[in-house]
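Working notes, beginning with the structure itself.
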Amino acid sequence: MTPEEEDRLKRARKGRNIVLGLVLAGFVVLFYAITIARIGGQ
């Protein structure tokens, strides 16, 4: 594999990891908000 291909794969992997991290953070915020809403509603 050429250095250019390796660099391109690293960039693609990094971008995918950032998106995955943001999605996971979004789920955490969502569950937190749902929990607060359920506790506050009682």
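Taking 0.36 nm per residue of separation and subtracting the current Cα-Cα distance, fully stretching the chain between ALA33 and LYS10 would add 4.8 nm. Computed per residue of the chain from DSSP H runs no shorter than four, each worth -39500 (n - 2.57), the mean residue ellipticity at 222 nm is -34500 deg cm²/dmol.
Against the chain, whose longest principal axis is taken from its Cα atoms, helix 3-41 shows a tilt of about 0°. Determine the shape class of the chain: with a ≥ b ≥ c the square roots of the Cα gyration tensor eigenvalues, call it rounded for a/c under 1.5, and otherwise prolate if a/b is greater than b/c, oblate otherwise. It is prolate, given that a/c is not under 1.5 and a/b is the larger ratio.
Rule-based calculations on the coordinates, nothing more; no lab input. Note that the coordinates shown come from a computational prediction; the quantities given were computed from them, not determined experimentally.
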